[in-house]
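Visitor: If you scroll down you'll find the structure; I have some questions about it.
The values are calculated or read from the model by the stated rules, or taken from the named source; none is laboratory data. Note that the structure is predicted; figures quoted are calculated from it, not measured. Don't worry about glycine lacking a Cβ; one is built from the backbone with ideal geometry, like all the others, and counts go over all protein chains shown. For accessibility, only protein heavy atoms count, side chains too; no ligands or nucleic acids. Shrake-Rupley method; radii C 1.70, N 1.55, O 1.52, S 1.80 Å.
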Amino acid sequence: MKVTRRERGGVPFYACDGFAGAVHGFSTRLGGVSPAPWDSLNLGAARGDEAERVAENFRRFCAAAGCDSAALVKNRQVHGDRVRAVTRADIMASPDAPGVFEADALVTDVPGVCLTVFSADCIPVLLFDPVRRAAGAAHAGWRGSALGVAARTAEELCTRWGCAPEDILAAVGPGISACCFETRADVPQALRRGLGAEAEDCIRPLPGGDKFSVDLKRANVRWLLRAGLRPEHIAVCSACTACSGEEFWSHRRLGERRGSMAAVIQLTGPAAN
């Protein structure tokens, strides 16, 4: 499996080639209607952008990805490892509505429900089990990556709907890469608390001794492997949000004056009554 850049209707996005049975996508900042500093495909309802522009941006992005912008379920992200199961009752009243319940990951087995998580450097992870027909979406910042939110999401699919880990497919989307994620010791220490010795493969000391380069994408892959996913069922997008300012927003590079990107996944098939 591979995560590749695609474009439809003038809206570029990233998607995985192995998710037959679930429409999905990772957005960029391109192809929308918002002016600076949200230019142009801002999907964040709480960034200061006008609501109708956010709604139109979601309509454009979802049309490109093949999802239903009228069926979005959003979380209010808290940089933890809480996973919430959702149904059609949780669908937002409008595409511009902000998420209301605290969680960093969403799961569902209901066709037609469009799981939505947000990022602007943090690592978005989409999960899909084509056998049991269930899906998950996780937002993994450095805290969520240290806590293993991606693994918690996979485990919730298994516990709640009987998914087998070896059947679950995972796509790790665009996010800050090791080339740009320079931190002090708190982030490596958090990863070590969560992953133990496996964290060392994700941490590189930098000259001077007090800073480190950290690979959050690799850390999330480590967690998914620990949860029982097969290596060949995990696809990782190489795009770095901090490197590619023309294509992505980066909180590290821009701070608060920016928009937000989103990752969405929606099971196809007949909707539940």
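Visitor: Within 10 Å of each candidate Cβ there may be at most 13 other Cβ atoms; applying that plus a DSSP loop requirement, which chymotrypsin sites (Phe, Trp or Tyr not before Pro) in segment 6-51 survive?
Guide: none
Visitor: If you count, for each residue, the other Cβ atoms within 10 Å and average over each peptide, how do 161-174, 136-149 line up from highest to lowest?
Guide: By packing density, highest mean first, the sequence is 136-149, 161-174.
Visitor: Only loop residues by DSSP count here, and only those with at most 15 other Cβ atoms within 10 Å; note down the GluC sites (Glu not before Pro) in segment 50-146 that meet that.
Guide: Qualifying residues, ordered by number: 50.
Visitor: Can you tell me how much longer the chain between residue 232 and residue 197 gets when fully stretched, taken as 0.36 nm per residue apart minus their C-alpha distance, in nm with one decimal?
Guide: Roughly 10.3 nm would be gained on extension.
Visitor: Taking the DSSP beta bridges in the chain as the whole, what percent of them are antiparallel, to the nearest 5?
Guide: Antiparallel bridges make up about 80 percent of those DSSP assigns within the chain.
Visitor: For the chain, what does the helix formula give at 222 nm: sum of -39500 (n - 2.57) over DSSP H segments with n ≥ 4, over the residue count, nearest 500 deg cm²/dmol?
Guide: Result for the chain, helices only: -6500 deg cm²/dmol.
Visitor: If the chain between residue 161 and residue 102 were fully stretched, how many nm would it gain, using 0.36 nm times the residue separation less the Cα-Cα distance?
Guide: 19.0 nm
Visitor: So, in nm, how far is label residue 39 from label residue 182 when the simple model puts each one 7 Å beyond its Cα toward the Cβ?
Guide: My value for the distance between the label points is 2.8 nm.
Visitor: Give a residue-ordered list of calculated ³J(HN,Hα) values for segment 115-122 (Karplus: 6.51 cos²θ - 1.76 cosθ + 1.60, θ = phi - 60°; whole Hz; x for Gly, Pro).
Guide: Karplus-based 3J(HN,Hα) across segment 115-122 equals 5, 9, 10, 10, 7, 7, 2, 4 Hz.
Visitor: Would you mind calculating the relative contact order of segment 1-135 from Cα pairs under 8 angstrom and at least 6 residues apart, reporting the percent as a whole number?
Guide: This gives 19 percent for segment 1-135.
Visitor: What distance in nm separates the simple spin-label points at residue 51 and residue 94, each placed 7 Å from Cα in the Cβ direction?
Guide: Label-label distance for residue 51 and residue 94, simple model: 0.3 nm.
Visitor: Here is a follow-up. At 1.4 Å probe size, with every protein chain present, just tell me what the per residue accessible area of segment 140-273 comes to in Å².
Guide: 43 Å²
Visitor: Whose amide H sits under 5 Å from the amide H of residue 78, counting only residues 5 or more places off or on another chain, with H placed in the peptide plane?
Guide: 103, 104
Visitor: With a cap of 12 neighbouring Cβ atoms within 10 Å, and only residues DSSP puts in a loop, list the trypsin sites (Lys or Arg not before Pro) found in segment 224-273.
Guide: When the trypsin sites (Lys or Arg not before Pro) of segment 224-273 are filtered for loop state and at most 12 Cβ neighbours within 10 Å, 257 remain.
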